[in-house]
Amino acid sequence: MEHKSSSNFLRNIILEDFKAGKADHVVTRFPPEPNGYLHIGHAKSIILNFELADEFKGKTHLRFDDTNPTKEDTEYVESIKEDVQWLGYQWDELFFASNYFEEMYNRAVLLIKKGKAYVCDLTAEEIRKTRGSLTEPGQPSPWRERSVEENLELFEEMRRGAFKDGEKVLRAKIDMASPNINLRDPVLYRIAHATHHNTGDKWCIYPMYDFAHPLEDAIEGVTHSICTLEFEDHRPLYEWIVRECEMENVPHQYEFARLNLTNTVMSKRKLKQLVEEKIVDGWNDPRMPTISGLRRRGYTPEAMRNFAREIGVAKADSVVDTKMLEHFIREDLKLKAPRTMAVLKPLKVVITNYPEDQAEMLEAENNPENPEMGVRMIPFSREIYIEQDDFAENPPPKYHRLYLGNEVRLKNAYFIKCNEIVKDESGRVIELHCTYDPETKSGTGFTGRKVKGTIHWVDARQAVPAEFRLYEPLILENETDDGTSFLEHINPHSLMIADGFVEPTMKTSKSQDKFQFFRHGYFNVDPLYSSADHLVFNRIVSLKSSFELPK
């Protein structure tokens, strides 16, 4: 399978490794921690790992880095599997870090026997305070010189549950004066009397991520361990652990810039906060940058893959305009989505010269850009609904829609002319009385005169009630360093709900069906709230954007 992409320095590294004889095969992995739902930044990593391996006829593992039982759950495990498969990929092997706990423990024992690890009694706060700074070296732990025998005995007691949480840790013995703070005797194991989603209560000590991760890569025979730039300073520790634990396979870590998008947050911790504080409607809220949220909103895996390939893989951090992501969903849906009519804010129109007992079916193209999608028949009768915004009592200059005395075309139907306005007691316009010209029926070739405006409509007798959910960016501004919480930048108008109508042909719409509503944008049938009796549509994206791909 050939994948077109912008720059990708990792592909060049693999090519050089093959050329130099450093590698004769490729094994990548996608290693999420099951402590939340995946977001679009993870999607970039999934696509990168699977497509690099695919290009070089290699393998990709899905591995859950489940080393922290207090934050992990099988719900997250299952959601991650679903996201990977929805994006269009199937892992060659499925692994859990927890399956290696016994071997990790044995490797830690090996480090103790080699004098490379020791049990420390300092608290987490004391370890932080004695770690030093970028300009000052760290202070050695008072327990740094414990004997091998004592360390082995204490570590075994830690495993047996003899100590409380936080009472002791196992630390690597590397260099408290290292300019790289990650090498200043990092913690390898901590005590956590917590039930693990995979191993139950078998363990009460758990390896730290920085210790477990390189061992997992080595155990699985990963050749190219690809991670984001924040782990670049951790690479010397990664290599130290693989070397000192005497692993047979030696993986190599490579870092790339993570994906940052405008008007959103890409921190799993912050996304979890949005969910827990009920600012959003769960992890799959269509305003969330999670893969499940984007899926529920109506994004397609094709659009996500094309977006990831276009932004490429770089070494330097940057922020991608959300409009670029929207561009790719428009491009993907423009030939796929049927074009129909929906009225979000209805205003009744009575066509006074149309017979009261008459109704007719009019032909409409399903997608003018894709004739193979065929046509549909839509009903037309004396009463219809149009958008409130398509009428103006006092029209501004160059207003070409409906106003008193003006004539417009109804999409796929007739010319109508507004003759009378009906208002309620408060002076609000509640109904228009119009006349139609039967000679102007769409598709008849009528050329007697022209009108400048075309508006959409639905038949009032047969239209289907529907709820429309319109979304704006969840975050008003990009993240700043002004000390304010990101919660202070939440957009109070990120969700607006309208109640209107759709064509009767849409009555049988199913979950995740996608449509282009004339003038309103692309919409998706909501899989959570929509039902046969109550259609709910999420707006995926509006029709137009100022964004253009660079040429």
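Tallying residues that are open to solvent by less than 80 Å² (accessible area, probe 1.4 Å) and at negative phi within the range 365-374 yields 5. In the range 331-348 there is no residue that is small (Gly, Ala, Ser), surrounded by fewer than 20 Cβ atoms within 10 Å (Cβ to Cβ) and under 29 Å from SER45 (Cβ atoms). Among the residues of the range 384-409, those that are open to solvent by 70 Å² or more (accessible area, probe 1.4 Å), within 24 Å of ALA498 (Cα to Cα) and among the charged types (D, E, K, R) comprise ASP389, GLU393, ARG401. The test for being in contact with a Cys (Cβ under 8 Å, 6 or more places away or on another chain), of a type outside the set (Asp, Glu) and either in a loop (DSSP other than H, G, I, E, B) or at pLDDT 95 or above (or both) holds for LYS417.
Within the range 24-43, residues that are on the phi < 0 side of the Ramachandran plot reach partners that are small (Gly, Ala, Ser) with beta carbons closer than 6 Å, at six or more positions or on different chains, in the pairs HIS25/GLY58; VAL26/ALA53; VAL26/GLY58; VAL27/GLY58; VAL27/GLY221; THR28/ALA53; TYR37/SER79; TYR37/SER292. Hey, does the range 375-387 have a residue that's farther than 19 Å from LYS514 by Cβ, free of Cβ contacts under 8 Å to residues at least 24 places away in the same chain and not in a strand (DSSP E or B)? The answer is no; no qualifying residue exists. Assuming THR70 fulfils every condition listed in (1) at pLDDT below 95; (2) over 24 Å from ASP210 (Cα atoms); (3) part of a loop (DSSP other than H, G, I, E, B) apart from one, which condition is it? Among (1) at pLDDT below 95; (2) over 24 Å from ASP210 (Cα atoms); (3) part of a loop (DSSP other than H, G, I, E, B), THR70 violates only (2).
Considering the range 232-248, the residues that are assigned to a helix (DSSP H, G or I) and open to solvent by less than 50 Å² (accessible area, probe 1.4 Å) include one that is nearest to PHE307 (Cα to Cα), namely HIS234.
Scan the range 10-29 residue by residue and report those that are buried (at least 18 other Cβ atoms within 10 Å of the Cβ) and either at pLDDT below 95 or not in a loop (DSSP other than H, G, I, E, B) (or both). Let's see the steps before the verdict.
Going through the range 10-29, the residues buried (at least 18 other Cβ atoms within 10 Å of the Cβ) turn out to be 10, 14, 23, 26-29.
Listed by number, the residues that qualify are LEU10, ILE14, ALA23, VAL27, THR28, ARG29.
Filter the range 265-278 down to residues that are outside any loop (DSSP other than H, G, I, E, B) and surrounded by 15 or more Cβ atoms within 10 Å (Cβ to Cβ), then give me how many there are. Give the derivation first.
Of the residues in the range 265-278, the ones outside any loop (DSSP other than H, G, I, E, B) are 268-276.
From the residues that got through so far, the ones that are surrounded by 15 or more Cβ atoms within 10 Å (Cβ to Cβ) too are 268, 270-275.
Residues in the range 265-278 being outside any loop (DSSP other than H, G, I, E, B) and surrounded by 15 or more Cβ atoms within 10 Å (Cβ to Cβ): 7 in total.
Filtering the range 33-60 to residues that are open to solvent by less than 10 Å² (accessible area, probe 1.4 Å) and under 20 Å from the mean Cα position of the chain (by Cα) leaves PRO34, GLY36, LEU38, ILE40, ALA43, ILE46, ILE47, ASN49. Yes or no: the range 61-73 includes at least one residue that is surrounded by fewer than 18 Cβ atoms within 10 Å (Cβ to Cβ) and basic (Lys, Arg). Within the range 61-73, one or more residues are surrounded by fewer than 18 Cβ atoms within 10 Å (Cβ to Cβ) and basic (Lys, Arg).
Residue-wise test of (1) buried (at least 17 other Cβ atoms within 10 Å of the Cβ); (2) in a strand (DSSP E or B); (3) modelled with pLDDT under 95.
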position: PHE446; (1), (2), (3): no, no, yes
position: LYS450; (1), (2), (3): no, no, yes
position: ILE497; (1), (2), (3): no, yes, no
position: PHE537; (1), (2), (3): yes, yes, no
position: ILE540; (1), (2), (3): yes, yes, no
position: PRO550; (1), (2), (3): no, no, yes
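The single condition among (1) part of a loop (DSSP other than H, G, I, E, B); (2) touching a Cys at 6+ places or on another chain (Cβ under 9 Å) that PRO32 does not meet is (2).
Every residue, every condition in (1) touching a helix residue (DSSP H, G or I) at 6+ places or on another chain (Cβ under 9 Å); (2) modelled with pLDDT of 95 or more, yes or no:
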| position | (1), (2) |
| --- | --- |
| TRP457 | yes, yes |
| ALA460 | no, yes |
| ALA466 | yes, yes |
| TYR471 | yes, yes |
| LEU474 | yes, no |
| ASN478 | yes, no |
| THR484 | no, no |
| ILE490 | yes, no |
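Applying the criterion of being more than 19 Å from ALA108 (Cα to Cα) and in contact with a helix residue (DSSP H, G or I) (Cβ under 8 Å, 6 or more places away or on another chain) to the residues of the range 134-150, the residue that is most open to solvent (accessible area, probe 1.4 Å) is LEU134.
Condition check ((1) out of contact with any helix residue (DSSP H, G or I) (no Cβ under 7 Å at 6 or more places or on another chain); (2) part of a helix (DSSP H, G or I); (3) touching a residue at least 40 places away in the same chain (Cβ under 8 Å); (4) under 17 Å from ALA43 (Cβ atoms)) across all residues:
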{"position": "VAL250", "(1), (2), (3), (4)": "no, no, no, no"}
{"position": "GLU255", "(1), (2), (3), (4)": "no, no, yes, no"}
{"position": "ASN263", "(1), (2), (3), (4)": "no, no, yes, no"}
{"position": "VAL280", "(1), (2), (3), (4)": "no, no, yes, no"}
{"position": "TYR299", "(1), (2), (3), (4)": "no, no, yes, yes"}
{"position": "ASN306", "(1), (2), (3), (4)": "no, yes, no, yes"}
{"position": "ASP317", "(1), (2), (3), (4)": "no, no, yes, no"}
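Scanning the range 420-444 for residues that are open to solvent by less than 20 Å² (accessible area, probe 1.4 Å) and more than 22 Å from PHE501 (Cα to Cα) yields a total of 1.
Check the range 82-89 and report whether any residue there is under 17 Å from ALA192 (Cα atoms) and either open to solvent by 50 Å² or more (accessible area, probe 1.4 Å) or of a type in the set (S, T, N, Q) (or both). Break it down stepwise before answering.
From the range 82-89, those under 17 Å from ALA192 (Cα atoms) are none; that's our starting set.
Within the range 82-89, none of the residues are under 17 Å from ALA192 (Cα atoms) and either open to solvent by 50 Å² or more (accessible area, probe 1.4 Å) or of a type in the set (S, T, N, Q) (or both).
Can you name the residue in the range 184-211 that is part of a loop (DSSP other than H, G, I, E, B) and basic (Lys, Arg) and is also most open to solvent (accessible area, probe 1.4 Å) among such residues? Explain how you work it out, then say what you get.
Start the filter on the range 184-211 by keeping residues that are part of a loop (DSSP other than H, G, I, E, B), which leaves 184-186, 192-195, 197-199, 201-204, 208.
Next, only the ones that are basic (Lys, Arg) stay: 184, 202.
Values: ARG184: 8, LYS202: 138 Å².
So the residue we want is LYS202.
Condition test on LYS81, is it within 21 Å of PRO34 (Cβ to Cβ), without any contact (Cβ under 8 Å) to a residue 24 or more places away in the chain and among the basic types (Lys, Arg)? Answer is yes for this residue.
The values are calculated or read from the model by the stated rules, or taken from the named source; none is laboratory data. Keep in mind that this is a model prediction, so the values were computed, not measured. When we count neighbours, we look across all protein chains shown, and the Cβ atoms used for this are built from the backbone with ideal geometry, even at glycine. Accessible surface is based on the protein model in full, side chains and every heavy atom, while ligands, DNA and RNA are left aside. Shrake-Rupley method; radii C 1.70, N 1.55, O 1.52, S 1.80 Å.
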